[in-house]
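Worksheet for the structure shown next.
What follows is calculated from the coordinates using simple rules that are stated; it is not laboratory data. As the structure is a prediction and not an experimental result, all values here were calculated from the model. Counting neighbours? That spans all protein chains shown, and the Cβs are built from the backbone with ideal geometry, glycine included.
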């Protein structure tokens, strides 16, 4: 609490008491009403039984682990002792989210480095605008644009067949290539800007010194840039991974016939199945698994939450 108090005092001295109180109230409302309360409500729902509205609050409305048992064991009627379908979908979703995160990192690191090291302010502003302006388009419209782009009669297939690269249309949607490309594009800014902010604060003299000592560009990035930019890398990777694992619109629009995202199962329980406790349990499981993986990776790469916050 000492650090928080010191930060609040310094912020008050710089901006005045009215601004500090306003921001404190606004942040508290945001955290309590829009973050904590919905999650706690969903957690409470996940331990409830799926009862008709008249029975809610009655003697049958008791806490139970049934929804979590169903995720692990499945339906007893099927005779199976293991819910292979839902668990496999969860693992496939996490693997896909990790692949999208790695893809975004490969694409964004060079761009963020060039942005941070560029000395031409005008070119830097133009490049940032070029990155931001496409995101003025609605996410749903961008997903459908990717479906048209990667469709059997889309631009990529038409261009490839005209050049003679392949004879028949490639099923980019059925192979989930369109889905991965769409998800990587959807969250690419969340990877670029944390990396850019981290690399921009790096003293260029360190890079020049490493080059003067005979280090190759690979060694410079491995031993100088990447260790310094680890907080930005961790921040961007965390946001991309969490949002990709929780995506719903893109998997529904760009996913192939055989693809199933874990969020789609959650959506089905909430809406089609009308089973809010089970949907809540599945949502809680996804949240806990994602947070656990992120914390484990942060510990592996020795990055703290405080460093990400900076």
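What the table shows:
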| read-out | value |
| --- | --- |
| Difference of contour (0.36 nm per residue) and Cα-Cα distance, residue 140 to residue 165 | 5.9 nm |
| Dmax and Rg, reported as Rg then Dmax, of the chain (C-alpha, Å) | 23.8, 77 |
| Cβ-derived FRET efficiency at R0 30 Å, residue 204 paired with residue 9, nearest 0.05 | 0.30 |
| Estimated 222 nm signal from helices in the chain, with DSSP H stretches of n ≥ 4 weighted -39500 (n - 2.57), rounded to 500 | -20500 deg cm²/dmol |
| Full-extension gain in nm, residue 270 to residue 50, via 0.36 nm per residue minus C-alpha separation | 78.1 nm |
| Gain upon complete extension [residue 63, residue 82; 0.36 nm per residue less C-alpha separation] | 4.5 nm |
| Pair residue 149, residue 107: separation of 7 Å Cα→Cβ label points (nm) | 0.7 |
| Förster radius 51 Å - calculated FRET efficiency between residue 133 and residue 289 (Cβ-Cβ, nearest 0.05) | 0.90 |
| Share of pairwise Cα separations in region 12-96, more than 17 Å, in percent | 70 |
| R0 of 35 Å, Cβ-Cβ distance residue 114-residue 75: FRET efficiency to nearest 0.05 | 0.05 |
| For region 240-305 versus region 169-208, the gap between their alpha-carbon centres in whole angstrom | 20 |
| Most fluctuating residue given options 96, 152, 250, as computed from a GNM of the chain linking Cα atoms under 10 Å | 152 |
| Most mobile listed residue (57, 158, 182) in the chain, GNM with C-alpha springs under 10 Å | 57 |
| GNM top mover of 28, 292, 118 - the chain, alpha-carbon springs below 10 Å | 28 |
| Span from the region 95-132 Cα centroid across to the region 10-69 one, whole angstrom | 35 |
| If the convex hull is drawn through the Cα atoms of region 132-262, its volume per residue in Å³ | 154 |
